[in-house]
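S.K.: After the C-alpha cells below, expect a handful of questions from me.
Bear in mind these aren't lab numbers, they're just calculated from the coordinates by the rules spelled out. As the structure is a prediction and not an experimental result, all values here were calculated from the model. Here Cβ is always computed from backbone atoms with ideal geometry, including for glycine, and neighbour counts include all displayed protein chains.
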Amino acid sequence: MGTPEFAVGPIRAILDAGHEVCAVVTTPDKPVGRGLKVSQSSVKLFAQERSLQVLQPESLKEEGFINDLKSFNADLFVVVAFRMLPKVVWSIPSFGTFNLHASLLPQYRGAAPINWAVINGESLTGVTTFMIDDKIDTGEILFSRECAIEQSESAGNLHDKLMVLGSNLVVETIDAIISDRVKRTPQSSLITGEITLREAPKLTKESGIINWQQTSNQVFNLIRGLSPYPCATSVLSYSDKVIPVKIYSALDEISIDSDSDISGNLKPGEIASDNKSFLRVGCGKGSIKITSIQAAGKRRLEIREFLSGIREISLYKFN
C-alpha cells in the first residue's frame, strides 16, 4: 500500500526478492492542473508495468474493498507512504501490517519526515519499519537503519538515498517476520526525559515562506529542505513590481568567501549582486547566495541566466 515514488523502490525490491505481491493499493486517480489531466500515482504506474492487480478505494472502510483484501488471503500487508489505515484493514493478514517510515522513530513522526529533518538542520536520519496500530507512527519498532545527512544535501537527494535504504529494510523485515526472527520494541521505551521529540507535520504553503529575519543557516536549511518540491518561496519587490519566486538552491555564507567586498553588511531581504553571476541576500544574521531560482510563470533558471533577464536587481528586495 503506497502512493509516491518513495513507495516504488520497496515494491520493486519485494518482487526482486522473490516474494509474491498479490495486489497493490494506492490512491484514486485525480485530475490535476489547468487542463485537469488525469494523474495516476507512481505506485499504480509501476504496478501496471509489472501486471499487478491495483485497488484504488475512495474509502478504506468500503465493504467491497475490505472483502477484496480478505479474498487475497495475504500473509502480510506492507505500507509505504500511504494513508492512515483503519483497524479493520491492518488487522486482516495473519502476520499483521508493517509500515516503512523515513526517519529514526520515535523522532519525526508525521507526513514529511525527510523535509523536516533537513529543515531542522539534522546531521543524521534513517528509516524504520514498525507494526501499525491505532495511532500514527507509534507502533512497535521492528528494524531501523541510520543515514547521514550531508551539510548541503537537499531533501530530494536524501529522499533517493532513503528510498534505497528503505527498500532493502522492507525485504529484511519481511524475511524476519516470516521466519519469526523479529524483536518488537515499544517506542515508549526509547523516549526518555532527555529526548525532545521532533514532529514532521504535513507541509503547507506557509511552511515554505522564507523569513529573512532568521539566520542564514536557518534560511539555507529551509531552501534545501524543500527542494526540489514544494520549494521555499519569497517575493521580489521594487516600486510597483512584485515577483513571486521559488528558490531551489543556495549557499550559506559559511560555504562562500567571495564577493564579500561587494555585499557588505546586508539587512534582512536586501540584495547585493554584480547583475551578472551572483545574487546574495541578507538574513537576520549572515547572508545566503542564491544559485537556482524560478519566477512565477517562468521556468527554473540558474542564477546567471536569471540575472540576465532582470535589470538592476540590487534595487529589489526580498519580502
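S.K.: Out of all the residues in segment 90-101, which are buried (at least 22 other Cβ atoms within 10 Å of the Cβ) and either at positive phi or among the hydrophobic types (A, V, I, L, M, F, W, C) (or both)? Before you say what the answer is, go through the steps one by one.
M.R.: First, the residues of segment 90-101 that are buried (at least 22 other Cβ atoms within 10 Å of the Cβ): 90, 98-101.
Passing the criteria: Trp90, Phe98, Leu100.
S.K.: Hey, among the residues in segment 141-162 that are of a type in the set (A, V, I, L, M) and closer than 18 Å to Glu122 by Cα, which one's surrounded by the most Cβ atoms within 10 Å (Cβ to Cβ)? Write out each step before concluding.
M.R.: Of the residues in segment 141-162, the ones of a type in the set (A, V, I, L, M) are 141-142, 148-149, 155, 158, 162.
Filter once more, keeping what is closer than 18 Å to Glu122 by Cα: 148-149, 155, 158, 162.
Numbers: Ala148: 13, Ile149: 22, Ala155: 22, Leu158: 23, Leu162: 26.
Only one residue fits best here, namely Leu162.
S.K.: Counting only residues that are of a type in the set (Ser, Thr, Tyr) and in a helix (DSSP H, G or I), which one in segment 144-175 is farthest from Ala81 (Cα to Cα)? Give the steps one after another, and end with the answer.
M.R.: The initial filter retains those residues of segment 144-175 that are of a type in the set (Ser, Thr, Tyr), namely 144, 152, 154, 167, 173.
Now drop any that are not in a helix (DSSP H, G or I), which leaves 167, 173.
On the way: Ser167: 12, Thr173: 17 Å.
Checked segment 144-175; the qualifying residue farthest from Ala81 (Cα to Cα) is Thr173.
S.K.: Look at segment 191-203 and say how many of its residues are surrounded by 10 or more Cβ atoms within 10 Å (Cβ to Cβ) and assigned to a loop (DSSP other than H, G, I, E, B). Please lay out each step first, then the result.
M.R.: Of all residues in segment 191-203, those surrounded by 10 or more Cβ atoms within 10 Å (Cβ to Cβ) come to 191, 195, 197-201, 203.
Cutting the leftovers down to assigned to a loop (DSSP other than H, G, I, E, B) gives us 191, 195, 197-198, 200-201, 203.
Final tally of qualifying residues: 7.
S.K.: Something else now. Can you find a residue in segment 263-282 that is in contact with a strand residue (DSSP E or B) (Cβ under 9 Å, 6 or more places away or on another chain), surrounded by fewer than 21 Cβ atoms within 10 Å (Cβ to Cβ), in contact (Cβ under 8 Å) with a residue 12 or more places away in the chain and within 18 Å of Gln151 (Cα to Cα)?
M.R.: no
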